[in-house]
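The values are calculated or read from the model by the stated rules, or taken from the named source; none is laboratory data. Owing to the predicted nature of the structure, the values given are computational and were not obtained by experimental measurement. A quick note on method: Cβ atoms are made from the backbone with ideal geometry, for glycine too, and the neighbour counts reach across all protein chains shown. With ligands, DNA and RNA removed, areas are computed over all heavy atoms of the protein, side chains included. Shrake-Rupley method; radii C 1.70, N 1.55, O 1.52, S 1.80 Å.
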Amino acid sequence: MTTSTYSLPQSERINSKKQIDRLFRGGGSKAMTAAPLRMVYMADSRQTDSQPSDGHQPMAQMMVSVPKRYFKRAVKRNYVKRQVREAYRLNKHILVDRLTESGDKTMSLCFIWTANRLLPTAEVMSRMANLLTRLAEKLSATDNKNTPQ
């Protein structure tokens, strides 16, 4: 079974406390910002022994966090989370294509909202595309540095 390029199945979302702790407390994570989004990411080597039962391990897994500090009402927090998930769903091919080329890495991503105002969806999409493009370029640069010539 093949999944569509523009899908975001449950297997591509981070919901394990261990994985969240590793992302934020593991020491191997890095961050970049395109206001109002901050992306915390960590590259892992691809593991074959801990694959899901269908044999498909996602190249990238993500989660979204909108702190209560910025939006007290859950309605607004959920709206922002939907915007960020949709922006990721439509632009994740930028990162996944790059990870597919290298073939030996998986990524854990967390998108954190850092503004106390709502933005139009188009602006959130452009910021997401900016972050994913910069991450893909960074991965390309490290792969080119590690490749013997």
Considering (1) closer than 15 Å to Q61 by Cβ; (2) at pLDDT 95 or above; (3) of a type in the set (A, V, I, L, M); (4) surrounded by fewer than 21 Cβ atoms within 10 Å (Cβ to Cβ), say which one V96 fails and leave the rest.
(2)
Residues of the range 113-135 being open to solvent by 30 Å² or more (accessible area, probe 1.4 Å) and not polar (S, T, N, Q), which ones?
R117, L118, P120, A122, E123, M125, R127, R134
Restricting the range 1-42 to residues that are under 19 Å from N91 (Cβ atoms) and of a type in the set (F, W, Y), which is least open to solvent (accessible area, probe 1.4 Å)?
Y41
Looking at (1) within 14 Å of M62 (Cβ to Cβ); (2) part of a loop (DSSP other than H, G, I, E, B), which is the only condition R117 fails?
(1)
